[in-house]
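Below is one structure, written out as structure tokens, with a few remarks after it.
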Amino acid sequence: RAVYMYAAMADLAAATNDKELLKACELIWENIVNKRMYITGGIGSNAEGEAFTIDYDLPNDSVYAETCAAIGLMFFARKMLDVCPSSKYSDVMELALYNGVLSGMQLDGKRFFYVNPLEVNPEISGKLFGFKHVLPERPGWYQCACCPPNVARLLASLGKYQWGEGEDTVYSHLFIGGTAELDFATINVDSELPWKGNVTYTIKPTGKKPEFSLAIRIPAYVKKAKILLNGKEQKDNEIRDGYCHINRKWNDGDTVQLMFDLPARRVYTNPK
């Protein structure tokens, strides 16, 4: 419930240009992602009240990390992107989508996790006091079934998380294949993520505004990225707040390719 409120606060701050409210949203965001979020993008470490607790209290075995909470974190991230298009929000949005949200539904769409544990002991999980909420297998349904339809509505509306539009800029927040019909252009995305760091955009301007910026997120986990425009590598594009801005008068069939390596990497927990 907290992240739903924070999403509304960010939305209100954007609509009213309330600097004080925006500052509060930024401080809350930094606290969540740096001190109260699991490596999966899961949030809410305590089953009692489905709640945040204190900084760095992130147990793996009694975790709550409700599927709806990861979705709420995506809501919050998306609203913050409207105020400040920065990869620090879209990176977390991607993390939560692939690790905190999708884990809430079985691949065939028939079984669901309400709670997303990072550690399970079948002799204890789902049985002993303090661990009854941590189920070792996804159930078919819940008496309080908020998570399954919440996953369904998120997946059905992924486009608005993938794309953002400003007065003269189209933002590519997530690398998901498909075709987007936007104000300035119809853009087809061919993506090989998460297996390969290879994303190709094919642009067809609508004619409404043929000159605009295509801002493509460069994730923080990428050490070196290449951008190709119509097959030619670009080295002088502006990188701002984690987005590569390509400004030009676009022609039908123009292509932009983002390429980067995806090596296995170690992520270390905070010692606190």
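The values are calculated or read from the model by the stated rules, or taken from the named source; none is laboratory data. Remember, predicted model here, so these are calculated numbers, not experimental data. Don't worry about glycine lacking a Cβ; one is built from the backbone with ideal geometry, like all the others, and counts go over all protein chains shown. These area figures cover heavy atoms from the full protein model, side chains too; ligands, DNA and RNA do not enter into them. Shrake-Rupley method; radii C 1.70, N 1.55, O 1.52, S 1.80 Å.
List of remarks:
- Restricting Val134, Val151 to residues that are touching a strand residue (DSSP E or B) at 6+ places or on another chain (Cβ under 8 Å), aliphatic (A, V, I, L, M), touching a residue at least 24 places away in the same chain (Cβ under 8 Å) and assigned to a loop (DSSP other than H, G, I, E, B) narrows the list to Val134.
- Residue in region 93-104 that is touching a helix residue (DSSP H, G or I) at 6+ places or on another chain (Cβ under 7 Å), farther than 19 Å from Glu50 by Cα and open to solvent by less than 30 Å² (accessible area, probe 1.4 Å) present: yes
- Filtering Ala13, Ala2, Ala70, Ala47 for residues that are within 28 Å of Ile124 (Cβ to Cβ), modelled with pLDDT of 95 or more, among the hydrophobic types (A, V, I, L, M, F, W, C) and out of contact with any Pro (no Cβ under 6 Å at 6 or more places or on another chain) leaves a single hit, Ala70.
- Positions within region 79-110 being in contact with a strand residue (DSSP E or B) (Cβ under 8 Å, 6 or more places away or on another chain) and among the charged types (D, E, K, R), in sequence order: Asp82, Asp91
- Scanning region 237-261 for residues that are closer than 23 Å to Lys209 by Cβ and not in a strand (DSSP E or B), we see that the one that is nearest to the chain's Cα centre (by Cα) is Asp241.
- Residue in region 209-225 that is of a type in the set (D, E, K, R) and over 22 Å from the mean Cα position of the chain (by Cα) present: yes
- Segments classed as helices (runs of 4 or more DSSP H), wholly inside region 3-99, with at least 2 members that are among the aromatic types (Phe, Trp, Tyr) and under 14 Å from the mean Cα position of the chain (by Cα): 67-83
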